[in-house]
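Colleague: Provided herewith is a single structure, encoded as structure tokens, for subsequent inquiry.
The values are calculated or read from the model by the stated rules, or taken from the named source; none is laboratory data. Treat the numbers as computed from the prediction; the structure is a model and nothing was measured. Positions of Cβ are backbone-derived with ideal geometry, glycine not excepted, and every protein chain shown enters the neighbour counts. SASA here: full protein model, heavy atoms, side chains in, ligands and nucleic acids out. Shrake-Rupley method; radii C 1.70, N 1.55, O 1.52, S 1.80 Å.
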Amino acid sequence: MNRFPDAAASRIVVASHVLMVGALLLIMHFGLLAGLLSACLGFLLTRWLVRVFGGVQPQLPFKVENLAAALVMFAPLLLLAMALSRSRSYIIGAPLQYRELLDFLAHTVLELREKLPPEIGDQLPEGAAEIQRALASYLGAKAGALASAGRAWLGGLLYAYVGGIVGALAAIGHPGPGRGPLVQQLTVRASRLGEAFRQIVAAQFWIAAFNTTLTAIFLLLVLPLWGQKLPYTAMLITLTFVGGLIPIVGNLVCNAVITLVGLSVSPVTAAACLAFLILIHKAEYVINARVVGQRTHIRVWELLTVLFVAEAIYGPAGLVAAPLLYAYAKKELAAARLV
């Protein structure tokens, strides 16, 4: 008599996993990753604000949950309205500016021998010219693809904002006591996904912010003090933050781009950029190992494998989603005592 309830419960658990995996695959397929990440972020921010404002609840005529959700939902609009006069052209024209940056990099790669000192440029093998042309062609192709990306760029911002609203509303929702078993299991799945987000993506966000702050100081303050100034500084700072959200690979790409742009100014500037990036990334690796590695127990080879596979399937979105989804999968496997 007890075997039927156990079998039914097992089917419910399997159904919840199938629904969760299906939802995540649909999100990746239809390009809704920005909405998913923003929903997780909005959920965590709302819960954090509820704890922060919990002490003033007796003095408020409404629930602190409503106040926290309102702040999360309307703060982005307020910040956008305050900065719109200065940042509108930057937000709308970002794809065009990144296309120009890629064209600039392609031109720099083609002129690599001329940029380097003669004693170093003459040591480059003859085959390096073919590599330069191939790399320049690749960058040029990517630049062309960005020409029509303005609508997708603004669409991603809209998805991110709507996702934040969904997360804030979900954080203040209190389901009734009569929840069915499938809803309970889906709640477990969602809570583990949220925990994975908190451990990896939130930690990576602060790591990226740390990296971006130091890079901005170097590009906007240190280099000008030496009489040097890199072109496309705003694009490089933005790229540093976005790339910092992608563990390992994102840092390597940002380092290569900033060093190439520095090489367009002078070899000494390129060497200074490379030395600075190596220095700050040494500190970043220590933070990354402590914050991310110890909490999630994800080894470097595991993360690299997942990043490459996800990028091959979903492109840049796969690079961003891979650490989160892999950490979530390991949590589910660990809960089932399979790993």
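Residue-wise test of (1) surrounded by fewer than 16 Cβ atoms within 10 Å (Cβ to Cβ); (2) at pLDDT 80 or above; (3) among the aliphatic types (A, V, I, L, M).
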site	(1), (2), (3)
GLN185	no, yes, no
LEU193	no, yes, yes
ALA196	no, yes, yes
ASN211	no, yes, no
LEU225	yes, yes, yes
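Colleague: Got at least one residue in segment 19-33 being modelled with pLDDT under 85 and within 22 Å of GLY156 (Cβ to Cβ)?
Modeller: So far as segment 19-33 goes, yes, one or more of its residues are modelled with pLDDT under 85 and within 22 Å of GLY156 (Cβ to Cβ).
Colleague: Can you find, within segment 244-266, the residue that is modelled with the highest pLDDT among those that are surrounded by 21 or more Cβ atoms within 10 Å (Cβ to Cβ) and under 23 Å from ALA327 (Cα atoms)?
Modeller: GLY244
Colleague: Which condition breaks for PRO231 when tested against (1) under 22 Å from LEU319 (Cβ atoms); (2) open to solvent by 30 Å² or more (accessible area, probe 1.4 Å)?
Modeller: Failing condition for PRO231: (1).
Colleague: In segment 227-238, which residues are modelled with pLDDT of 80 or more and under 30 Å from LEU325 (Cα atoms)?
Modeller: Hits for segment 227-238 are LEU236, ILE237, THR238.
Colleague: Sticking with this structure for a sec: Does VAL188 fit the bill of being within 30 Å of ALA23 (Cβ to Cβ) and assigned to a helix (DSSP H, G or I)?
Modeller: So VAL188 passes the test.
Colleague: Counting just the residues of segment 307-339 that are at pLDDT 85 or above and among the β-branched types (Val, Ile, Thr), which one comes out surrounded by the most Cβ atoms within 10 Å (Cβ to Cβ)?
Modeller: Among them, the one singled out is VAL309.
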